[in-house]
Amino acid sequence: MIDFWSALVSTLTQAFEQANAMTAWEAVAVVLALAYLALAMRGNIWCWAAAFVSTAIYTLLFWEVSLLMESLLNVYYMAMAGYGFWLWRYGGGEDHGVEVVSWSLGRHISLIVATSVVSLVVGHLMASYTQASYPYLDAATSCFAVMTTYLVARKVLENWLYWVVIDLVSIYLYLNKGLMLTSMLFILYVGMAIGGYFLWRTSMQQPSEADYSYD
């Protein structure tokens with residue numbers, strides 16, 4: 001009986017220590033993720049540096065809580081951070097970055113349909129062959145985030161509207177996994193995404209007056 005209680009106390013102690021360590025790393029990732037979004041809203045190229053480090057941390061955190069697609073998604077984010085940095089610095093030609101653009105409704109509908117089909121296929125595979133939690137929601141948020149991150153790198157205005165929906169679904173996932181700080185972050189993300197949309201739209205209408213720097 002004594003051995004049982006000793007083992008229980010030891011297990012709980014280890015779990016508490018692991019939770020504290022995870023929360024500390026999560027806090028660092030949250031701060032850097034906020035820095036990324038705040039800089040992205042302003043069109044500042046250094047948002048991609050903050051994104052790279054934040055997503056590296058999240059890759060490990062999500063793996064630990066069995067959100068497998070979220071973990072793989074953050075590996076993709078790390079690669080996109082490098083791609084986005086290059087596009088925002090040189091992608092517009094003549095040694096300057098890309099400008100904010102708006103895509104047609106038809107183009108967005110095509111993107112949504114194609115991404116939804118991929119999400120269903122990936123969700124089915126995850127449900128059948130992995131132990132992933134919430135496979136279809138996990139797959140949907142991941143697939144749409146992959147597509148939307150590309151839109152951010154290309155400076156497509158409507159990326160912010162996609163993020164509003166993705167973030168709302170992500171909040172549900174993270175709350176159910178006990179990632180409280182990240183859930184709070186994504187609640188803030190929703191508001192910031194709305195703000196980002198209007199800032200970028202203003203930069204399209206009045207490019208000479210907007211403070212969207214690359215330095």
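Taking the criterion of being within 19 Å of Arg201 (Cβ to Cβ) and at pLDDT 90 or above, the only residue of segment 86-98 that qualifies is Trp88. Residues in segment 97-145 that are touching a strand residue (DSSP E or B) at 6+ places or on another chain (Cβ under 9 Å) and among the aliphatic types (A, V, I, L, M): 2 in all. In segment 23-67, the residue that is surrounded by the most Cβ atoms within 10 Å (Cβ to Cβ) out of those that are in a loop (DSSP other than H, G, I, E, B) and β-branched (Val, Ile, Thr) is Ile45. Taken residue by residue, segment 182-203 has no member that is in a loop (DSSP other than H, G, I, E, B), touching a helix residue (DSSP H, G or I) at 6+ places or on another chain (Cβ under 9 Å) and surrounded by fewer than 21 Cβ atoms within 10 Å (Cβ to Cβ).
Taking Ser208 as the residue in question, decide whether it is polar (S, T, N, Q), modelled with pLDDT of 95 or more and over 23 Å from Ala35 (Cβ atoms). Spelling it out, it is not the case that Ser208 is polar (S, T, N, Q), modelled with pLDDT of 95 or more and over 23 Å from Ala35 (Cβ atoms).
Evaluation of Gly196 against the conditions (1) more than 26 Å from Ile57 (Cα to Cα); (2) modelled with pLDDT of 95 or more shows that the sole unmet condition is (1).
The values are calculated or read from the model by the stated rules, or taken from the named source; none is laboratory data. What you see is a predicted model; the values in this text were computed from it and never measured. Neighbour counts run over all protein chains shown; Cβ positions are idealised from the backbone, glycine included.
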